[in-house]
Amino acid sequence: MTKKTEFNIVYLSLGSNVGDKFLHLSNAIKQLRNVGMTDKISPVFETKPWGFDSNNKFYNIVIKFITHLSPNELLKKIKEIEIKLGRTQKTHNKCYSDRTIDIDILFYNNIILSSEELTIPHPLLTERDFVLIPLHCIEPDLVHPVLKKTIKLLCEEYKNSEIKQLNKQLF
């Protein structure tokens, strides 16, 4: 008897604001492809830092990703990829800081999960234009499992966006 492999649909947000930002995003996607496959990749957006002050703007994307990993296994792999690509720590003194790469799990299938290690859907995604707008580019009709609103509607409700789409596309 063959064991059935379960595939999970995951949406990930990726960002970089130091060094060769475009290369960091590309390398992160290449590393993620070791544990799944990218189904869709948003355009690259340039944004101001969120939650801290820096002169370094971010390049941000959202990807639709298919994987067999569980949420916690995926989180572990993401942390390994971030370290491999030069990420030292998530925060300095509990404040965000510049980083070579940041990868967040936004949605994982339609699950709602809250633990010390991981919260799905990502608790801050509706406050971040650098997440909502790229996500809207690839999946406007996706429904937030807690809020029961589409990404399109969440984007329409968002105010004061200063996001800029770049003329760059990954892969």
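The values are calculated or read from the model by the stated rules, or taken from the named source; none is laboratory data. Please read all numbers here as calculations on a predicted model, not as lab measurements. Note that each Cβ is placed from the backbone with ideal geometry, even for glycine, and that neighbours are counted across all protein chains shown.
Counting only residues that are among the charged types (D, E, K, R) and over 19 Å from Cys137 (Cα atoms), how many does the range 16-47 have?
4
Could you please give the count of residues in the range 108-128 that are assigned to a loop (DSSP other than H, G, I, E, B) and not aliphatic (A, V, I, L, M)?
9
Given the options Leu153, Leu135, Leu125, Leu142, name the one that is at pLDDT below 95 and within 17 Å of the chain's Cα centre (by Cα).
Leu125
Of all residues in the range 68-81, which are more than 22 Å from Arg128 (Cβ to Cβ) and surrounded by fewer than 16 Cβ atoms within 10 Å (Cβ to Cβ)?
Hits for the range 68-81 are His68, Ser70, Asn72, Glu73, Lys76, Glu80.
Considering the range 101-130 alone, what residues qualify as being of a type in the set (Asp, Glu) and either farther than 18 Å from Leu14 by Cβ or out of contact with any Gly (no Cβ under 6 Å at 6 or more places or on another chain) (or both)?
Answer for the range 101-130, where residues must be of a type in the set (Asp, Glu) and either farther than 18 Å from Leu14 by Cβ or out of contact with any Gly (no Cβ under 6 Å at 6 or more places or on another chain) (or both): Asp104, Glu116, Glu117, Glu127, Asp129.
With the requirement that a residue be outside any helix (DSSP H, G or I) and more than 19 Å from Pro43 (Cβ to Cβ), what does the range 136-168 give you?
Val143, His144, Pro145, Val146, Leu147, Lys148, Lys149, Thr150, Lys159, Asn160
May I ask you to say which residue of Phe45, Phe52, Phe65 is surrounded by 13 or more Cβ atoms within 10 Å (Cβ to Cβ), in contact (Cβ under 8 Å) with a residue 12 or more places away in the chain and over 21 Å from Tyr108 (Cα atoms)?
Of the residues listed, the single one that is surrounded by 13 or more Cβ atoms within 10 Å (Cβ to Cβ), in contact (Cβ under 8 Å) with a residue 12 or more places away in the chain and over 21 Å from Tyr108 (Cα atoms) is Phe45.
If Val146 meets every condition in (1) among the aliphatic types (A, V, I, L, M); (2) over 21 Å from Leu23 (Cα atoms); (3) surrounded by 14 or more Cβ atoms within 10 Å (Cβ to Cβ) apart from one, which number is that one?
(3)
Only one of these is within 18 Å of Leu135 (Cα to Cα) and either of a type in the set (Asp, Glu) or out of contact with any helix residue (DSSP H, G or I) (no Cβ under 6 Å at 6 or more places or on another chain) (or both): Gly15, Gly19, Gly51, Gly36. Name it.
Gly15
What number of residues in the range 103-136 are closer than 15 Å to Ser70 by Cβ, surrounded by 20 or more Cβ atoms within 10 Å (Cβ to Cβ) and not β-branched (Val, Ile, Thr)?
2
Name the residues in the range 1-24 that are within 12 Å of the chain's Cα centre (by Cα) and farther than 22 Å from Pro71 by Cβ, would you?
If the condition is that a residue be within 12 Å of the chain's Cα centre (by Cα) and farther than 22 Å from Pro71 by Cβ, then Ser16 is the only one that fits.
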